[in-house]
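Note sheet for the following structure.
The values are calculated or read from the model by the stated rules, or taken from the named source; none is laboratory data. Here the structure is a predicted model, which means the values were calculated and not measured. So basically every Cβ, Gly included, is an ideal-geometry build from the backbone, and we count neighbours across all protein chains shown. Side chains included, ligands, DNA and RNA excluded: accessible areas come from the protein's heavy atoms. Shrake-Rupley method; radii C 1.70, N 1.55, O 1.52, S 1.80 Å.
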Amino acid sequence: MSPSLAITTISVHPFAGQRPGTSGLRKKTREFMQPGYVEAFVQSVFNALRRSVNGDFGSSTLVVGGDGRYYNKEAIQKILHVAIGNEFGRVMVARGGLLSTPAMSAVIRRQKAFGGLILSASHNPGGIDADFGIKYNISNGGPAPEDVTERTYEFTQRINHYYWYTCADIDISKEGKQTHGATEVEIFDPLADYTALMSELFDFEALRGLFRSGFRMIFDGMHGSTGPYAAHILEEQLGAPKGTVMNGIPSEDFAGKHPDPNLVYAADLVRLMQGADAPDLGTANDADGDRNMILGRGIFVSPGDSLAVIAEHASRFIPGYRDGLAGIARSMPTSTAVDRVAKSLNVPIYETPTGWKYFGSLMDADLCTVCGEESFGTGSNHIREKDGFWAVLCWLSILCGTRKSVAEVMTAHWVRFGRSYFQRHDYAGLDSSAAHLMNEELRASLPALAGQSFAGSRIAAADDFTYTDPVDHSVTPHAGIRILLDDGSRVVCRLSGTGTQGATLRVYLERFSPKYDHDPSQMVGSLDSSVRQLLRLKERFNREEPDVIT
Ligand code: VG1
Ligand code: CO
């Protein structure tokens, strides 16, 4: 049979709401399981990209993999059949379908692929009644920028057919190459490129020495996709004792938990790190491996501080950054701790909207080397995604180089730079229209806020953050409402773009002090009560307390 005979055109109707958010298309799993849903979205992605290859994917490589959640394998089969139907020259599939988000980014870059499809709803729970997602990454290895996601969305709204290659399920359990139609399907080792990249950036020999000296750590894989990477690199390559990796076996529903590395959802690890026999370092990654949490004995490192400490020490203790940093970027709501480091290093600092896609153009233009978000995301220009395990290796290198404990590293940092006390309060499952109305009202009230008293200080400025990309000059409006106080404190409010049900309000609170030993909750307490009053949260939503504080 000639290849084209096996390709059929299948009719499909548009599905409402296939608009990618902060990080790809994220919905309830059952929504994705509707017949034709995955096919229609993936075909729309290809339709949006087709003009960039002059209508022919014959010399393009597509990479496919996911975080192993429920429906990962089924969706991969669908993507393979549609990609072969669209006559991609090569499709690379991670063995077993398991590929972390940062590894995807590394593979796209090292294999010079055209792009990749990641199946993940990140830190959201998995299962038939939980969440699923698909994200497209472009050839620089990073999330598709907004012009691509918007074009994709337009195609989803007028799609009427997709291309399908008819054949049995493709075996993705063993490495090797197969030919289907006009496409070479290559099953690859998901650990190889990522491990090679890490060994180039970090001094593995020094880290082996650290473990030989008796250093103890825990890595919590939260049953997501990173357990195998961590076991391979920490236990096999760096000589950390077996058992260093906990919850390291990927599971379809992440053992029924939120695979989200924060104080609430990684409670077991947090407890361990507070115990009498706590190891030197405690770390966790989310399901798709782009988020990280860092803990020391009895101490939690807030993500904004972690970014600042990594930026402070990178050029000294991490070979990949020996030449220094070109610049640093953080998302707007992220604490300003790293700004002070940038100042001391005499490098520019960039403030971007929430979501990793905004860092890509800065890194492609060599304007920024290290970047991060308050949502437990840290990374650098080694790839174009945030990288949870990279952050773990950064901290290992800093502890190895300084011979200090996590608490000592933090204290030294705060003594030198002062401390940004920071908290994020999430109010989840709010009525969507009420939440949007609140946003509108707040926006309308902004011009009148300046000069008013707030949390014992005075509002110096209040605005709705608009970002203009310094490289491609694209403009992103409505990226979060900021209230800036005379005393340097900040409150930021925005609605989440990754949820799958109702609306989630995120309130970010930050207060600076040169003193480092205050209680964070107390330090942001008056900001919290003032913003609750301003937003009239109780009245609107009948909510007394946030659902999650990070
Ligand atoms: C959240 C975070 C944002 C992060 C995004 C994706 O978005 O706030 O910082 O980039 O999740 O992270 P939102 O719109 O819900 O606030 V992940 O680990 O899902 O790829
Ligand atoms: Co994630």
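Annotations for the structure displayed:
- The length gained on full extension between His436 and Ala6, counted as 0.36 nm times the residue separation minus their Cα-Cα distance, comes to 150.0 nm.
- Segment 185-238: GluC sites (Glu not before Pro) falling in loop per DSSP and having at most 11 other Cβ within 10 Å: none
- Positive minus negative residues near Met217 (Lys, Arg vs Asp, Glu; Cβ under 14 Å): +1
- Contact order normalised by residue count of the chain, Cα under 8 Å, 6+ apart, percent: 13 percent
- Taking a ≥ b ≥ c as the square roots of the Cα gyration tensor eigenvalues, segment 297-370 comes out oblate, since a/c reaches at least 1.5 and a/b does not exceed b/c.
- Reachable lysines, given that their alpha-carbon falls under 18 Å from the alpha-carbon of Lys174 and they are not under 8 places away in the same chain: Lys73
- Debye-sum result for the chain in log10 I(q)/I(0), which assumes one identical scatterer on each alpha carbon, at q = 0.10 Å⁻¹: -0.81
- Segment 183-261 shape via C-alpha gyration tensor axes, a/c threshold 1.5: oblate
- Annotation: per residue accessible area for the chain equals 37 Å², rounded to a whole number [probe 1.4 Å, protein chains only].
- In the chain, the portion of solvent-accessible area held by carbon and sulfur atoms comes to 50 percent [1.4 Å probe, whole percent, DNA, RNA and ligands not counted].
- With 10 Å bins from 0: P(r) over segment 213-359, alpha-carbon pairs, percent: 11, 33, 36, 19, 1
- Neighbour-limited loop hits for trypsin sites (Lys or Arg not before Pro), segment 520-550 (at most 12 other Cβ within 10 Å; DSSP other than H, G, I, E, B): Arg536
- Helix-derived mean residue ellipticity, 222 nm - over the chain, DSSP H n ≥ 4, -39500 (n - 2.57), to 500: -10000 deg cm²/dmol
- DSSP-assigned coil residues among chymotrypsin sites (Phe, Trp or Tyr not before Pro) in segment 325-418, each with at most 16 further Cβ atoms within 10 Å: none
- Folded to 0 to 90 degrees: helix 388-402 orientation relative to the chain principal axis, Cα: 40 degrees
- In percent, rounded to a whole number, the relative contact order of segment 52-155 is 30, using alpha-carbon pairs under 8 Å and six or more apart.
- Computed accessible area, Asp323, all protein chains, 1.4 angstrom probe, square angstrom: 150 Å²
- Under the Debye formula (equal points on every Cα, no solvent term), log10 I(q)/I(0) of segment 388-474 at q = 0.18, 0.22, 0.24 Å⁻¹: -1.01, -1.10, -1.19
- Three-way shape call for segment 111-239 based on the alpha-carbon gyration tensor, with the a/c threshold at 1.5: prolate
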